[in-house]
Structure formats: structure tokens, C-alpha cells
1. Take residues that are surrounded by fewer than 18 Cβ atoms within 10 Å (Cβ to Cβ) and tell me which of the helices (runs of 4 or more DSSP H) falling wholly in segment 121-224 contain 2 or more.
2. Which one of these is buried (at least 21 other Cβ atoms within 10 Å of the Cβ), outside the structural domain of residue 176 (by TED's automatic domain parsing) and either under 29 Å from residue 163 (Cβ atoms) or of a type outside the set (D, E, K, R) (or both): 59, 24, 70?
3. Could you tell me how many of the residues in segment 141-179 are touching a Ser or Thr at 6+ places or on another chain (Cβ under 9 Å) and without any contact (Cβ under 8 Å) to a residue 24 or more places away in the chain?
4. Would you say residue 167 is outside the structural domain of residue 39 (by TED's automatic domain parsing) and more than 20 Å from the chain's Cα centre (by Cα)?
5. So, in segment 59-92, how many residues would count as being under 29 Å from residue 173 (Cα atoms) and either touching a Gly at 6+ places or on another chain (Cβ under 8 Å) or part of a loop (DSSP other than H, G, I, E, B) (or both)?
6. Among (1) of a type outside the set (Lys, Arg); (2) under 15 Å from residue 50 (Cα atoms); (3) loosely packed, with under 15 Cβ neighbours inside 10 Å; (4) at pLDDT 90 or above, there is one condition residue 82 misses while meeting the rest; what is its number?
Amino acid sequence: MRLLLVEDDLILKDGLERSFVKSGYAVDVISDGEGANKLLTYQEYDVIVLDLGLPKLSGFEVLKRLRARGSNTPVLILTALEDTQNRVKGLDLGADDYLTKPFELAELEARVRALIRRGVSGGSAKISFGGLVFDTTNRQCMVGDVALSLSAREMALLELLILKATKVVSKVKIMEHLCSWDEEISENAVEVIVSRLRKKLLVFGVEIKTIRGLGYLLAKLETN
């Protein structure tokens, strides 16, 4: 899934970016509020981790403008402002969660996972589709007691498709979710990843349908 990290502390920013990438996220990083606000006018994310004490435009203002545009993207405020007044202000402006510094990395990542799955699985850590069970905590897909052997991008694609199950996912959306803005992935590369994952899922009664001109759809294999 694709995550935006808005943080101006260079050391913290670099550490969090490495950690999120290691956990399988496509991560974009920006260090000022004005840049974040401009970016969020045209780019969608699965979750935003937002500092408050940002240069050029405060995190509060970034959040306020995001919600004014009608965006429902989950936002986790990550800040050194731990007083109740600022916590209440952030939540009232539309933040979904609020975590103060210093923090445990494991807790931050758990909160991010919870925000991502809240709208698609009722908060459950495990999402079932056909014979597949995708564990969003461990980012692992099981069929019975067997874990599917998937590459990092195959796993990221499966996660996206299973979270959007019953909905068509465009090739552009897949490209956006499989890599951050400093990476490149071609349409042909997406087709290769889809093809490889499709072959691995078919034996378990799940197929990736190509909806011509629209994208891809995860579906249970039809049997006569």
C-alpha cells in the first residue's frame, strides 16, 4: 500500500522511511506542509503519517485543507505536542489517530495497519477471499496451513486486490501502489507481475480477471 510520510526531522524521516519500505509499503516522503498540501491535491494515498510542527504550513492546516477537499484518507498525526488541547484539535479537524513522540516503532506500524484495514475489513487483521486468508499484520497469505510463496511486489499486488475485492483496480492505480515517486514501473512490468500472481492463485480457485480498458478484478474461479 502507498503511504505519505510528512516529517521535517531528517533523522526520524529517514528511519521511518526505511522501516516502512522494509514492511512492504511504497513510501513518499515530504518535509514541509506547503509541499504536502500541494501533493495531496492530486495524489491519493492509503494512509498519511503527518507531523504537526512543519515549516511553511502547519500539520493542522494540511489536515484542515485535506478534509475540506472531501478526502477521507486515513491520517495519523505523529507529533511531539502531547497536551490534550492539541490532541483534541487534531482529532476534531479529522485525524483518525494521534501518536506522540517518542514512540515505539512497532506501535506506529500497528496503528498504520489498523487504519488501512479499518475501512475494508471491519478492523480484522485477517481478510478472507475464497480459500485465501491474507494476514495484514504479517503481510502473509495462507491457504489452509500453507503460506503462499510470493515476491514482494506479488504480495503488494495481492494485498491491493484483496483489500479492493469485488472492485476493479486500474493499471494506473496498481502502478501507484507498487512504487513510490522515486521509482519507476512500466505497464509491461505490471502485466508481468499480474501474470505471475494469476498463475499462483488459479490452483487455489481464485483468479485475476482482466476487465478490458478498466483494469483487474479479483474473483473466485467459476466452476461448472
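1. Values: elements: 152-163, 171-178, 187-202.
Fully inside segment 121-224 and qualifying: 171-178, 187-202.
2. Working: 24 fails: buried (at least 21 other Cβ atoms within 10 Å of the Cβ); 70 fails: buried (at least 21 other Cβ atoms within 10 Å of the Cβ).
Going through 59, 24, 70 in turn, just one is buried (at least 21 other Cβ atoms within 10 Å of the Cβ), outside the structural domain of residue 176 (by TED's automatic domain parsing) and either under 29 Å from residue 163 (Cβ atoms) or of a type outside the set (D, E, K, R) (or both): 59.
3. Summing the residues that are touching a Ser or Thr at 6+ places or on another chain (Cβ under 9 Å) and without any contact (Cβ under 8 Å) to a residue 24 or more places away in the chain in segment 141-179 gives 1.
4. Details: outside the structural domain of residue 39 (by TED's automatic domain parsing): yes; more than 20 Å from the chain's Cα centre (by Cα): no.
It is false that residue 167 is outside the structural domain of residue 39 (by TED's automatic domain parsing) and more than 20 Å from the chain's Cα centre (by Cα).
5. So the count comes out to 16.
6. For residue 82, the exception is condition (4).
The values are calculated or read from the model by the stated rules, or taken from the named source; none is laboratory data. Note that this is a predicted model, so its numbers are computed, not measured. All Cβ positions, glycine included, derive from the backbone under ideal geometry; neighbour counts span all protein chains shown.
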